[in-house]
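The values are calculated or read from the model by the stated rules, or taken from the named source; none is laboratory data. Since the model is a prediction, treat every value here as computed from it, not as a measurement. Ideal geometry is used to build each Cβ from the backbone, glycine not excepted, and the neighbour counts take in all protein chains shown.
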Amino acid sequence: MKVKLSPVDRIYKLKNDAAPLSFTLPSRNTRRYPLLWYDEDNNVNRPLRYAINQKSPFEDEQDGNAIVEPVIFESGFLRVPKNNPVLQQFLYYHPLNGRSFEEVNHEKDASKEVEILNAEVDALVLARELGIEQMETVYRVMIGKDPSRVTTAELKRDILIMAKQDPRGFVNVINDPMLKLQSTVHKFFEQKLLTFRNGQKEVWFNTTTNKKKMLLVPYGEDPYSTVAMFFRTDEGIDALKMLENLISE
C-alpha cells in the first residue's frame, strides 16, 4: 500500500551522527545497489528510481524519459522542500531509510533528550543521598578499586561523575540486590583473602588455613560476579561465612 505524505518541508540526517562533507545515496535500482520496495498488496518487489521529471519514485510508473539525479547529503543532512514530493516519497521507500539515514523528528528528539536528562537528574539525586558506606560499596563495584585509598571528597565526586556519565547503569547498580555481596567480594580480594591466578581465570583461597582453589571463572564472565553467585549456592555459603569472619574493617 502506497503512503501519502503530508505536504511539509522535511529534513533527513545520516544516522550515528555521521557528518561527511558529502554522502551520495543510491538513487536508482542496479545490480550493485538494488533499490526495491516490497508491495504486499501485489506480492512484488518494485524498483525505485529518483527522477526529477517524474511523478512517482517507482520505475514502473515512470515514462522512458526519466532524468535521474543524485541524492546528496551535505554535512550529514538533506533538506527536501514540500514542492519536491517525489524525492520525499523516494526517501520514504528507500531500503536505507532507518538504517543509514532517518527523517529528523524534532518532537521525538526532544522527548528522547528529556528522557535522558530526567534519568541523569534521578541518578544524581540518588547519588547525593547515598551514605558513605553505600558510596564505598558502589565505588568498589563500579570502579573495582579500594575506596579507602581516596578521600571522602574524592569519593563523593567520583560517585557523582559516575551517576552523570551512566545514569541508567548507576541506578541499576544501586537497585541490584547483589550489590552488597559484590562489594564484600571486592573486599575479600582487597584484603588478599581471595586471589586470582592464571589471568583471572581461577579464584583461590588465601587464608592462613586454606590455600585451595575455589572455582574456575567461565569464559567471558565477570570474575567478581562469578564469585558472588558462588557464595549464593549451598556450597558457597559456608565459604562466605568463613571469609566474613576473617575480614578486617
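One table, with the values for the structure above:
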quantity	calculated
Single residue of the stretch 177-202 satisfying the filter (charged (D, E, K, R) and surrounded by fewer than 19 Cβ atoms within 10 Å (Cβ to Cβ)) that is nearest to the chain's Cα centre (by Cα)	K180
Near pairs, Cβ below 9 angstrom, 6+ apart or cross-chain, from the stretch 228-249 (more than 14 Å from M214 (Cα to Cα) and assigned by TED's automatic domain parsing to the domain that holds T184) to any residue that is of a type in the set (S, T, Y) and surrounded by fewer than 10 Cβ atoms within 10 Å (Cβ to Cβ)	L246/T208
Which listed residue is basic (K, R) and touching a helix residue (DSSP H, G or I) at 6+ places or on another chain (Cβ under 7 Å), from R232, R168	R168
Subset of the stretch 52-65 [touching a residue at least 12 places away in the same chain (Cβ under 8 Å) and over 42 Å from the mean Cα position of the chain (by Cα)]	N53, Q62, N65
When residues of the stretch 203-249 are limited to those that are surrounded by 10 or more Cβ atoms within 10 Å (Cβ to Cβ) and among the aromatic types (F, W, Y), the one nearest to G144 (Cα to Cα)	Y224
Listing of strands (runs of 3 or more DSSP E) fully contained in the stretch 26-86 that carry 1 or more residues being in contact with a Gly (Cβ under 9 Å, 6 or more places away or on another chain)	none
Pair list, Cβ < 8 Å and 6+ apart or interchain, from the stretch 175-194 residues that are in the same structural domain as T207 (by TED's automatic domain parsing) and at positive phi to residues that are part of a loop (DSSP other than H, G, I, E, B) and surrounded by 15 or more Cβ atoms within 10 Å (Cβ to Cβ)	K192/N206
Conditions (1) crowded, with 16+ Cβ neighbours inside 10 Å; (2) farther than 25 Å from E133 by Cβ; number of the one not met by I174	(2)
Restricting the stretch 65-108 to residues that are aromatic (F, W, Y) and closer than 17 Å to N29 by Cα, the residue that is surrounded by the most Cβ atoms within 10 Å (Cβ to Cβ)	F90
Top-ranked residue of the stretch 37-51 - restricted to ones that are farther than 13 Å from E61 by Cβ and acidic (D, E), ranked as nearest to the chain's Cα centre (by Cα)	E40
Checking V3 against (1) free of Cβ contacts under 8 Å to residues at least 12 places away in the same chain; (2) not in a strand (DSSP E or B), the condition it does not meet	(1)
Residue in the stretch 5-48 that is surrounded by the most Cβ atoms within 10 Å (Cβ to Cβ), counting only those that are closer than 14 Å to F77 by Cβ and hydrophobic (A, V, I, L, M, F, W, C)	L25
Unmet criterion (only one of (1) farther than 29 Å from K211 by Cβ; (2) surrounded by 12 or more Cβ atoms within 10 Å (Cβ to Cβ); (3) among the charged types (D, E, K, R)) for E133	(2)
